[in-house]
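Please read the structure below before turning to the comments.
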Amino acid sequence: SRRAAEQHREEIEARGAAHELPAMYKLRTSPNRARVAQLQGGSADTEAAVKAALGWLATNQSPDGRWDASQLESGRENNALGQNRRGAGTEADTGVTGLALLAFLGSGHTHLRGDHQATVARGLEFLLRVQGVDGNLADKADVFAHMYCHGMAALALSEAYAMSGDQRLLAGVR
């Protein structure tokens, strides 16, 4: 029911609001983020580029929450340094989704805060939905992309949990 879903979201948001953000993530959500970026070598132009990139990522997310590697031209390089990669990467959706989510998280957006809450939420739900019973996040990735996909997806879930404190993510992180 719509009311139950809204109530569940309010409960999650309340838990997230009470969550103390770890020090290493605080600059991502700083009220003076533009100034912090400038002190670290950024500028209004770099912040505009990040905003544009996040907009592109949000636009290119699949309805099921993933970033579909095969639709984003992965697996086109068959030979790398003399190694036949056999189209590796075409099934790297969890890795690509993890990377996209890390971009949003790195800019301070979570499924509970920021302008891209719905995008981040869909991406996290996709990762949790495809996670194997043994915790594996590689999904359908082949031998060349298997561990990379698992790693990127695991990092994204871990950072989302650290930034939000949302207990629903904890089982996936563990």
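Show me the three semi-axes of the equivalent ellipsoid for region 24-174, from the C-alpha gyration tensor (sqrt of 5 times each eigenvalue), largest first, rounded to whole Å. The partial results should precede the final answer.
Numbers: eigenvalues 148, 78, 36 Å².
For region 24-174, the ellipsoid semi-axes come out as 27, 20, 13 Å.
Here the alpha carbons of region 122-174 define both size measures, Rg and Dmax, at 10.7, 33 Å. Extents of region 85-174, largest first, come to 40, 25, 16 Å (Cα atoms, principal axes, whole angstrom). Length available on full extension from TYR25 to LEU72: 0.36 nm per residue minus the Cα-Cα distance, which gives 14.0 nm. Calculated FRET efficiency, GLN83 to LEU155, Cβ-Cβ distance, R0 = 35 Å: about 0.90 to the nearest 0.05.
Throughout, read-outs are computed from the coordinates displayed, never taken from laboratory work. If you're wondering where the values come from, they're calculated on a predicted model, not measured in any experiment. Quick reminder, even Gly has a Cβ in these numbers, built from the backbone with ideal geometry, and neighbours come from all protein chains shown.
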